[in-house]
Structure formats: C-alpha cells, structure tokens
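J.: The structure's right below; bear with me while I get my questions together.
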Amino acid sequence: MSASVIEIDNVSFSFGEIPVLRDVSLSIEAGEFIGLVGPNGGGKSTLVRLIAGLIEPGIGKVKVLGKTPRQARSAIGYVPQYPAFARDFPITVEQVVLMGRLKGFTGRYRRDDREAVVRALKETEISRLATRPVGSLSGGELQRVLIARALVGDPQILLLDEPTANIDMRVENEIFDLLKLLNKRMTVVVVSHDIAFISGYVNRVACLNQTLVCHQTEALTSEAITHLYGENVHHIAHSH
Amino acid sequence: MNFIDALFQYDFLQRALIAGVLAAIGCGLVGTYVVVRRISFVAGGIAHAVLGGMGAALFFGYAPYGGAIVAALIAAVIIGGVSLVWKEREDTVIGALWAIGMAVGILFISATPGYQLDLFSYLFGNILMVSGEHLQLMIVLDVFLVLMVVLFHNQFNAVIFDEEFARLRGLPVTLVYLLLLAMVALTVVLLIQVVGLILVIALLTLPAAVAGHYTKTLSAMMLLAVLIGFLVTSSGMAVSYAYDLPSGATMILVAAIIYLVSALAAMLHRRKVRRV
C-alpha cells in the first residue's frame, strides 16, 4: 500500500449558515489521479480550497503529507477555476509563471527560478508565448499559463479546480493529456462537472454533493448518478 | 521673458522644476500600482483626509507637513483595515473619511488666525512656492518610495496581480497591502505642494494610465509614467508661467489632455488591429 498524501478526516464546512460540506472523509494516495465530480454547489471547489489551505475546515482535519495544508504549501500546486486577475494587467506570461517561485516576503528571483520557468513553459507547451502579455491569450493558452505557474514550484500534488470550464472540447482533451503526463510524477486532483469525460483519464472518481456520495474506480452506476444529481438526469452510457 | 530664459534667471522656477521631477518619480511609481490595482478612490480618500492632519498641526503649532504625514498614514491604515475585514462597506468608509478629514481640517484652520491663505495652497498646490527645505522633504519621501519599490517589487506585483495566489505562496498579503497604502499616503504628501490635495488623484493616476497604453510590463509602465509625469509638471508649469494661470490646475489639465488624446489613439489603434 502506498502512503496517503492527502488525508481528509470528517470535514464539515459552511459559508455562514449554509452548509457546503458535511462529514467528508477521503484519503488520497501518492500517484493517484483523482477526479472530484458533483453538481454545482456540491462543495467540489470548497474541498480543493481546503486542501490548498486557502480556507480552514469548521470541523474535522485536513492533512497534506502529514502536515497542515499551510505547512505543506510548497508541495502543492493550485490551479484556480477562473483567473483571479484582471486580463488587462500589464504582465507577460513568464512573469506570471515566475510568481509560482515566490517564497514569502523576502527574496528576489534567482537564476534557478528563471530556469524553472523555462522548464515549466516547455512542459506546458507555451514556450513561444513567454513574452506575450496575458491579456492577449486565448482561454486554453491562459489555462496552460495557470498550470505552468502551479508546476514551476515543483509540487508533489497538483490541485485543479475545473481547469477546462471555459474552453472548448479539443483543448480540454489536450489539457487532460498533459495532466495524465504530469501524473507520472505527481498526485493530481481535478475538479470537474463532467464525469463521463474525466473517467477516461482519472483512476478514481469521488462524487460530492455536500457529503461524499461515492468514491470508486469502477464505472458509475445509474443509482449513484441519480443520488448525486437527482432524478432528472439524462443518463447516457459511454463506452471507452 | 519666455519660460526658458526665466528658468535660468529665477531660483524659484528652478526649484519648481526640480519639485516637478521629484513629484513625477513618486507619482510614476506609486501611481502605476494605484491604476493597476484600481484603488484611485482609496488614494482620493487618503488625500482629502490629509487636510485634517495639516489643520490640526497648524492649530497646535507643529509643522503642517508633519501633520500631513501622520494623517495620511492613519487614513491608509483605517482604509486598509476596513477593506480587508469589512469589504462591503469599503466605499462608505472611504467617502466618510474623505469628508471628515476635510471638515476637521477646515475647522482647525479657521480657528488658527492668519492661515487662511495657506488653506488655498494646500487644496490646490503652488509649485512656484516650493522652498529649498520642502525639496529636501520631497527627496526623503522619494528615496523611501524608490527603495520600497526596488526591494519589494516582486511582492507588490504578486499581491496586486493575484492576491489569492500570493497568499498560497506564503506572502503576508495583508502586510504588503497596508505597506502599499502607506506608500500611497506618502506619495499624496509628496504631491500636495505641487498640485494640492484636491488634485492629487489626477496626477497620481493620469500619467500612469497613459503609460499603461504603451507598455506590457509593470516596470516599463512605471518608468514611462515617471517620464510622462515630468512632461506634465514641466509643461504645466511653463503654460501657467506664460499665461499667469494657477500652476496645479494647469498641470492637471495638461495631464487630462494627454490622457484623452492617448486614450483615443489607443482606441482607434485597437479598432484598426481588429479590422486587419
């Protein structure tokens, strides 16, 4: 049995009065490629943000590599659902990726930081965009920039919150091919609303609708999907 | 006598020109952060709150610029604190601080005999009245601002660009943001004698906004903003000297014209690029 890198233990979380997660326990092992699926408002993003240490659970514990998420920060790469920045910000792609090398309040960028940027840009296949302003990128290119920024710190765990929410199908495939490749050397946790699509890539799916409805490797049963999304889902069988 | 000849002849014009350079440095560096982070309303609030400090300092017999620095920093901390913990009321608090600062300042100044004339120069500035002593204060402020930008540019850049990601990388986001507002506060003080605290926002934002039309990195934007800032202060001064107009207001109108022309050009250029 391989060691678990992420340990979520009886975690509950609510925004004010509104519960988002109830009593979720999940253990993720090193080298896994796990998909978090579920309806909107089901708590997928919240769970990823808990693992990243952006928010703290109301009840329960989250451990990353045996430490708190904040302590394990340097081992985590996080890719947000939407870029949080203004698209007209005067900054180039390589400068954005370089920010993934920041370490606390002090310090300037050194040569190894710049070399890491070159590697990350190459790996995400956007080297040719290095000096372009971020405002001029397409959705798919921007997503690769965000992935490069997460990769440049050499994380052991890559967390992605719906990385393909705003881009077309063809690019979605390319991004997941890239994640599959990255999974050879790191644990990947990806949030998606599209079970059918990601099941071709991930090796385990965890379904969230406030509580953890299922987590399994085998194909989803229609009962589980009904439980997850309610009765009125058109269920189409996919063959892979 | 034309402006250039007068410049060689009169000390006060030379001092004014130097003050214009010093003002341009501060407003180029910090103004760029203000424009990109979209906090010109915050800067405006700090600027107006400063009058409270200047009035109080005059009333109690201290140097008005000491009062300005203290009031500006206090305003920066209050606004920064509110925007971090009580986001939804940020604009109300800034608006209140804006007016309260002015009101307090005017009450203090009206209670201090013989200072009504100063009030006008605090509000609208007068670069032609800059003293050698004041230039020293401006140099100290500039040195501090340049030092902060050189030392912490990566950190400011990261926090302004993407606060959430900066937090993930372990940056003390709150501290960096408060430091930035403190720098805005000191820049306001730097610019008061030049354009007056009512007109400060324009000099803080317009040169940087123009620079933003032509640059694709923050550092390039800062450098260009400093140059444009100097163009604004010096040509504004020349025009105000030639036609005997108030210097602060003239500079602001020069800045506004440059901004309008540049914004129009940028818009036409974008349209042309799209059509091709």
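The values are calculated or read from the model by the stated rules, or taken from the named source; none is laboratory data. All values derive from a computational prediction rather than experimental measurement. Glycine gets a Cβ as well: all are built from the backbone with ideal geometry, and neighbour counts include every protein chain shown.
J.: Test each condition in (1) surrounded by 16 or more Cβ atoms within 10 Å (Cβ to Cβ); (2) away from chain B (no Cβ under 14 Å); (3) part of a loop (DSSP other than H, G, I, E, B) for residue A:121 and report the one that comes out false.
T.: It fails just one condition, (3).
J.: Would you say residue A:25 is of a type in the set (Gly, Ala, Ser), in contact (Cβ under 8 Å) with a residue 40 or more places away in the chain and out of contact with any helix residue (DSSP H, G or I) (no Cβ under 6 Å at 6 or more places or on another chain)?
T.: yes
J.: If you don't mind, there's one more thing I want to ask. When the residues of the range A:75-97 are narrowed to those that are part of a helix (DSSP H, G or I) and more than 8 Å from chain B (Cβ to nearest Cβ), which ends up surrounded by the most Cβ atoms within 10 Å (Cβ to Cβ)?
T.: A:97
This table checks each residue for (1) modelled with pLDDT of 95 or more; (2) among the aliphatic types (A, V, I, L, M).
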site	(1), (2)
A:122	yes, no
A:152	yes, yes
A:168	no, no
A:200	no, no
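J.: A follow-up question, please. Of the conditions (1) among the hydrophobic types (A, V, I, L, M, F, W, C); (2) assigned to a helix (DSSP H, G or I); (3) surrounded by fewer than 24 Cβ atoms within 10 Å (Cβ to Cβ); (4) more than 10 Å from every other protein chain (Cβ to nearest Cβ), residue B:198 clears all except one; give me its number.
T.: The one condition residue B:198 does not meet is (2).
J.: Which residue, of B:69, B:46, is among the hydrophobic types (A, V, I, L, M, F, W, C), in contact with a helix residue (DSSP H, G or I) (Cβ under 6 Å, 6 or more places away or on another chain) and under 16 Å from residue B:202 (Cα atoms)?
T.: After ruling out the rest, the residue left standing is B:46.
J.: Please tell me if residue B:204 is assigned to a helix (DSSP H, G or I), more than 14 Å from chain A (Cβ to nearest Cβ) and crowded, with 22+ Cβ neighbours inside 10 Å.
T.: It is true that residue B:204 is assigned to a helix (DSSP H, G or I), more than 14 Å from chain A (Cβ to nearest Cβ) and crowded, with 22+ Cβ neighbours inside 10 Å.
J.: Among the candidates A:178, A:146, which residue alone is within 14 Å of chain B (Cβ to nearest Cβ) and crowded, with 16+ Cβ neighbours inside 10 Å?
T.: When all the criteria are applied, what remains is A:146.
J.: So, in the range B:59-75, how many residues would count as being part of a helix (DSSP H, G or I) and free of Cβ contacts under 8 Å to residues at least 60 places away in the same chain?
T.: Of the residues in that region, 7 qualify.
J.: Out of the range A:15-41, which residues are assigned to a strand (DSSP E or B), in contact with a strand residue (DSSP E or B) (Cβ under 6 Å, 6 or more places away or on another chain) and more than 25 Å from residue A:184 (Cα to Cα)?
T.: If the condition is that a residue be assigned to a strand (DSSP E or B), in contact with a strand residue (DSSP E or B) (Cβ under 6 Å, 6 or more places away or on another chain) and more than 25 Å from residue A:184 (Cα to Cα), then A:20, A:21, A:22, A:23, A:24, A:25 are the ones that fit.
J.: Can you find even one residue in the range A:41-49 that is in contact with a Lys or Arg (Cβ under 9 Å, 6 or more places away or on another chain) and among the aliphatic types (A, V, I, L, M)?
T.: No, every residue in the range A:41-49 fails to be in contact with a Lys or Arg (Cβ under 9 Å, 6 or more places away or on another chain) and among the aliphatic types (A, V, I, L, M).
J.: I need a count of the residues in the range A:56-74 that are surrounded by fewer than 16 Cβ atoms within 10 Å (Cβ to Cβ) and either more than 11 Å from every other protein chain (Cβ to nearest Cβ) or closer than 30 Å to residue A:136 by Cα (or both).
T.: So the answer is 8.
J.: Something else about it: So for the range B:218-239 (the condition being within 11 Å of chain A (Cβ to nearest Cβ), without any contact (Cβ under 8 Å) to a residue 12 or more places away in the chain and among the polar types (S, T, N, Q)), does at least one residue qualify?
T.: No, the conditions are met nowhere in the range B:218-239.
J.: Take the residues of the range B:141-185 that are of a type in the set (Val, Ile, Thr) and either under 15 Å from residue B:73 (Cβ atoms) or surrounded by 23 or more Cβ atoms within 10 Å (Cβ to Cβ) (or both): which is nearest to the other protein chains (Cβ to nearest Cβ)?
T.: Among those that are of a type in the set (Val, Ile, Thr) and either under 15 Å from residue B:73 (Cβ atoms) or surrounded by 23 or more Cβ atoms within 10 Å (Cβ to Cβ) (or both), it is B:160.
J.: Which numbered condition in (1) more than 30 Å from residue A:53 (Cα to Cα); (2) free of Cβ contacts under 8 Å to residues at least 60 places away in the same chain; (3) not in a helix (DSSP H, G or I) is the only one that residue B:119 fails?
T.: Only one criterion is unmet by residue B:119, namely (3).
J.: Something else: Contact list please: Cβ distance under 6 Å, first residue in the range A:133-156 and over 17 Å from residue A:122 (Cα atoms), second residue acidic (Asp, Glu), pairs at least six apart or on different chains.
T.: Close Cβ pairs (under 6 Å, with a partner that is acidic (Asp, Glu)) amount to A:135/A:88.
J.: Please go through the range B:160-200 and give me each residue that is closer than 22 Å to residue B:84 by Cα, in contact (Cβ under 8 Å) with a residue 60 or more places away in the chain and of a type in the set (A, V, I, L, M), ordered by number.
T.: Within the range B:160-200, B:160, B:178, B:180, B:181, B:182, B:183, B:184, B:185, B:186, B:188 meet the criteria.
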